[in-house]
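One structure below.
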Amino acid sequence: MEQEPFAVRHCFGDLDELGEVARAWDVDFRQIGRGRLEGSVIQWATPAAQLARVTLSKRVLQRGTPPRGLRTLSIPMAPDIQLFWRGHQVSGQDILAFPRGGELESVSTPGFDMLAVSVDEGLLDDAAARRGLGGIIRRLDQREVIALPPEALQRLRAGLSELVQELVTDPTASPSRVQAHLPALLVEALGATDREIDVPSVRARVGLVREAMDLIRHHGKETLSVTDLCRLVGVTERSLQRGFREVAGISPKQFLLAHRLTGVHRELRRADPAHARVADLANEWGFWHL
């Protein structure tokens with residue numbers, strides 16, 4: 001007996017809403033670009049196959065974990081996307097393959113539009129075997145970033161867009177049919193290339209920026225300066241500035257401000273309006289001039 005899939009379709013102006021409505025993914029998204037955010041999520045899932053398309057209008061720090069027990073790939077639906085992902089600088093021509101147990105760790109630019117596909121490995125193996133394309137799982141284990149020929153990527157985007165539209169129209173579409181069609185789309189695209197294309201990696205700078213971000217999160221409400229951050233990470237201010245500019249697209253000072261604003265915002269959403277004062281919560285996060 002087929003298990004009933006779940007479906008989510010939601011537009012939001014607050015990243016915390018994404019964490020509240022998205023299922024199977026454990027995400028912590030934080031806006032680090034100024035201005036009003038506009039975002040959307042479409043999600044459809046069964047235990048063996050899931051689709052999740054997310055759009056974001058502002059620069060966002062993304063962290064989290066994909067659905068457990070499934071192999072996840074992320075496909076850019078807009079060709080001009082640029083982002084840092086797990087230490088790689090990638091573009092809209094690259095497919096992102098999550099390693100087993102790998103986490104989402106990314107900084108996305110405005111215009112983000114990605115579709116994450118999570119599939120049971122057995123379904124991928126079966127689809128590959130029917131097409132005489134062995135070694136699909138091994139190929140995914142070897143690379144986190146896969147560059148496809150333009151024609152193959154275009155066909156994959158078109159096929160996924162058509163499938164998503166069908167599921168939005170009819171969320172109760174046959175899970176067995178979707179679970180057969182989805183792996184076929186992925187296998188046909190992955191089978192279009194047997195060569196590995198080098199993707200620029202900036203792991204050293206990504207490492208120090210990651211360490212700085214972790215320290216900022218660990219210190220919570222404590223007001224850190226850029227000088228404090230340089231001392232804790234053990235790098236010069238010039239190195240930290242360059243790292244943040246390349247990885248996050250903003251300066252360390254702007255990131256520190258975004259962290260504190262996010263903290264105040266989240267506490268205000270959870271606070272009891274009858275007892276909480278905006279000024280008190282803002283002061284706790286280092287804002288003294290409202």
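Just so it is clear, none of the values below were taken in a lab; they were calculated from the coordinates. Computed from a prediction, not measured in an experiment: that's the story for all the values here. Please note: Cβ atoms are built from the backbone with ideal geometry, for glycine as well, and neighbour counts cover all protein chains shown.
How high is the FRET efficiency from S174 to D26, r the C-beta distance, R0 41 Å, rounded to 0.05? Before the final figure, lay out each step's value.
On the way: r = 28 Å, r/R0 = 0.69.
It comes out at approximately 0.90.
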Please report, in whole Å, how far the alpha carbons of the stretch 138-290 spread along each principal axis, starting with the longest. 56, 45, 23
Take the alpha carbon atoms of the stretch 88-123, find their center, do the same for the stretch 216-290, and report the distance between the two centers in whole angstrom. 27 Å
If I model the stretch 19-132 as equal point scatterers sitting on the Cα atoms and use the Debye formula, what is log10 I(q)/I(0) at q = 0.10 Å⁻¹? -0.29
Per the Kirkwood formula on distinct C-alpha pairs, the Rh of the stretch 101-156 is how many angstrom? 13.8 Å
With r as the distance between the Cβ atoms of D80 and C11 and R0 = 30 Å, compute the FRET efficiency 1/(1 + (r/R0)^6) and round to 0.05. 0.85
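Highest first, please rank the peptides 58-69, 17-28 by the mean number of other Cβ atoms sitting within 10 Å of their residues.
On the way: 58-69: 18.4, 17-28: 16.3.
Highest mean packing first, the order is 58-69, 17-28.
Between E151 and R138, 0.36 nm times their residue separation minus their Cα-Cα distance comes to what? Write down the numbers at each step before the final one.
On the way: separation 13, 0.36 × 13 = 4.68 nm, distance 2.34 nm.
Length gained, E151 through R138: 2.3 nm.
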Taking the stretch 1-76, how much of its Cα-Cα pair set, in percent, is spaced more than 18 angstrom apart? 41 percent
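Quick check on packing: order 119-128, 152-161 by the mean number of other C-beta atoms within 10 Å, highest mean leading.
Details: 119-128: 18.7, 152-161: 17.0.
So the order, starting with the most tightly packed, is 119-128, 152-161.
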Using alpha-carbon coordinates alone, the radius of gyration and Dmax of the stretch 206-277 in Å work out to 14.0, 46
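Convert 10 °C to kelvin, take the viscosity as 1.306 mPa s, use the Kirkwood radius over C-alpha pairs of the chain as Rh, and evaluate the Stokes-Einstein diffusion coefficient in µm²/s, rounded to a whole number. Could the numbers behind the result be given before it?
Values: Rh = 20.4 Å.
Estimated diffusion coefficient is 78 µm²/s.
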Below 8 Å, C-alpha to C-alpha, sequence gap of six or more: please give me the relative contact order for the stretch 66-160 in percent. 34 percent
Label point distance in nm, R100-W288, each placed 7 Å from Cα along Cα→Cβ: 5.4 nm
